[in-house]
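Peer 1: What follows is a structure written as structure tokens; I'll ask about it next.
The values are calculated or read from the model by the stated rules, or taken from the named source; none is laboratory data. Predicted model only: the values in this text are computed from it and were never measured. Glycine also receives a Cβ, built like all others from the backbone with ideal geometry; neighbour counts cover every protein chain displayed. The area values use the complete protein model at the heavy-atom level, side chains included, leaving out ligands, DNA and RNA. Shrake-Rupley method; radii C 1.70, N 1.55, O 1.52, S 1.80 Å.
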Amino acid sequence: MRHDDARAARGGPGASAVPDGLLRIGGLTAGPGRPAVMAVINRSVDSFYTAAPTTEAAVRAAVDAHAAGAGIVDIGGVRAGRGPHVSVEEELGRICPVIEAIHDEIPELVISADTYRAPVARAAVAIGADIVNDTWAGADPDLPLVAAEAGAGLVCSHTGGLDPRTDAHRSRYGLLPEDVVDDALSGVLTLAERARSVGVPTERILLDPTPDFGKNTRHSLMVLKHIRDFADHGMPVLLAISRKDFIGESVDAGPPEQRLPATLAATAYAVEHGIAVIRAHDAAATVQVVDMVGAILGTTQPRRSVRGLR
């Protein structure tokens, strides 16, 4: 099925909202108890952890992630934090060939474009992207309309008012530690309402409290602790915590290479508390965490159950 046909099959921008916390896009349905893994594929040359240096390497990474059980791949071309300027043309050149190649090779795989720029998002959805992952909280006000016109999903994030590609510095949210939760929740719900108003269906709007962005470690831990508050609003919740700084500081792990065990522990907590999508650098390990928590909770069945039966 070609991408345009797939878009038609899953409904247009005016598809009815289903306020049950499930993400429905392409052939994918994910939600509390049965979240999807979103595998990270970075094409930025200065990524904080791993990067795919070529289009071919990025496509191989997507194939491997899909084989490991990831339902979504997130393709980004610009480092989230400070770094060299990347023009729109450079960003397009980094991610669009990858999106097109992945869509041609694995048409059933949901593709997310990690960008905060409407021109990049518009080009990405035209060639195969299903989700616009806006990590900078609507800095470009045209992004919701791009998603709506394409029938794509949209990630609504919280950055505490920071401009794109700037780092948190002494961020404050009220007088109490919990105030960051109220600020983040208000921010993402405001963006979600704006997205709905231009035609993005509820089931394709993802709420992302965005740990580390505009937050110190204690802020990020607080929004993670209260992740259920985000999941209780009837929209799918995306959580991006993989090997982030707050993970490292929480357990006194050094560079990102040392942060996998703590990342997986936090992932298990998030899965138990209602997320719909977990963004991860380590797809295979994360899929095992999702499966294990689901098996314990009874929301999924064991992949294999022969012990004691033979």
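Peer 1: Which residue pairs have Cβ atoms closer than 7 Å, lie 6 or more positions apart in sequence or on different chains, and pair a first residue in segment 239-256 that is within 25 Å of residue 274 (Cβ to Cβ) and in contact (Cβ under 8 Å) with a residue 40 or more places away in the chain with a second residue that is hydroxyl-bearing (Ser, Thr, Tyr) and open to solvent by 20 Å² or more (accessible area, probe 1.4 Å)?
Peer 2: Within 7 Å, the pairs are 243/49.
One line per residue, one yes/no per condition, for (1) of a type in the set (Val, Ile, Thr); (2) part of a helix (DSSP H, G or I):
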site	(1), (2)
132	yes, no
145	no, yes
177	no, no
185	no, yes
190	yes, yes
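Peer 1: Testing residue 212 on (1) out of contact with any strand residue (DSSP E or B) (no Cβ under 6 Å at 6 or more places or on another chain); (2) open to solvent by less than 10 Å² (accessible area, probe 1.4 Å); (3) within 14 Å of residue 157 (Cβ to Cβ), one condition comes back false. Which one is that?
Peer 2: (2)
Peer 1: Tell me, please, whether a residue that is farther than 19 Å from residue 127 by Cβ, modelled with pLDDT of 95 or more and in contact with a Lys or Arg (Cβ under 8 Å, 6 or more places away or on another chain) can be found in segment 3-20.
Peer 2: No, because not a single residue in segment 3-20 is farther than 19 Å from residue 127 by Cβ, modelled with pLDDT of 95 or more and in contact with a Lys or Arg (Cβ under 8 Å, 6 or more places away or on another chain).
Peer 1: Now, a different point. Determine which single condition residue 152 fails, assuming it passes every other condition in (1) within 21 Å of residue 212 (Cβ to Cβ); (2) within 19 Å of the chain's Cα centre (by Cα); (3) of a type in the set (Gly, Ala, Ser).
Peer 2: (1)
Peer 1: Right, residue 224: under 14 Å from the mean Cα position of the chain (by Cα) and of a type in the set (A, V, I, L, M) or not?
Peer 2: Working: under 14 Å from the mean Cα position of the chain (by Cα): no; of a type in the set (A, V, I, L, M): yes.
So residue 224 fails the test.
Peer 1: Let me ask something additional. So which of 174, 187, 199, 138 ends up being surrounded by fewer than 24 Cβ atoms within 10 Å (Cβ to Cβ), on the phi > 0 side of the Ramachandran plot and in contact with a Cys (Cβ under 9 Å, 6 or more places away or on another chain)?
Peer 2: Numbers: 174 fails: in contact with a Cys (Cβ under 9 Å, 6 or more places away or on another chain); 187 fails: on the phi > 0 side of the Ramachandran plot; 199 fails: in contact with a Cys (Cβ under 9 Å, 6 or more places away or on another chain).
Matching residue, one of 174, 187, 199, 138: 138.
Peer 1: Restricting attention to segment 253-277, and to residues there that are among the hydrophobic types (A, V, I, L, M, F, W, C) and under 15 Å from residue 212 (Cβ atoms), which single residue is surrounded by the fewest Cβ atoms within 10 Å (Cβ to Cβ)?
Peer 2: 253
Peer 1: How many of the residues making up segment 33-44 are touching a Lys or Arg at 6+ places or on another chain (Cβ under 9 Å) and either surrounded by fewer than 15 Cβ atoms within 10 Å (Cβ to Cβ) or not β-branched (Val, Ile, Thr) (or both)? Reasoning before the result, please.
Peer 2: In the first step, residues of segment 33-44 are kept if they are touching a Lys or Arg at 6+ places or on another chain (Cβ under 9 Å); the result is 37-40, 42-44.
Those still in the list that are either surrounded by fewer than 15 Cβ atoms within 10 Å (Cβ to Cβ) or not β-branched (Val, Ile, Thr) (or both) too: 38-39, 42-44.
Selection size over segment 33-44: 5.
Peer 1: Looking at the structure I just gave you, is residue 61 in contact with a helix residue (DSSP H, G or I) (Cβ under 8 Å, 6 or more places away or on another chain) and farther than 21 Å from residue 166 by Cα? First the steps, then the outcome.
Peer 2: Numbers: in contact with a helix residue (DSSP H, G or I) (Cβ under 8 Å, 6 or more places away or on another chain): no; farther than 21 Å from residue 166 by Cα: yes.
So residue 61 does not fit the description; no.
Peer 1: Please go through segment 134-143 and give me each residue that is touching a residue at least 24 places away in the same chain (Cβ under 8 Å) and either assigned to a loop (DSSP other than H, G, I, E, B) or not aliphatic (A, V, I, L, M) (or both), ordered by number. Lay out the reasoning, then the answer.
Peer 2: Kept after step one, since they are touching a residue at least 24 places away in the same chain (Cβ under 8 Å), are these residues of segment 134-143: 135-140, 142-143.
Hits for segment 134-143 are 135, 136, 137, 138, 139, 140, 142.
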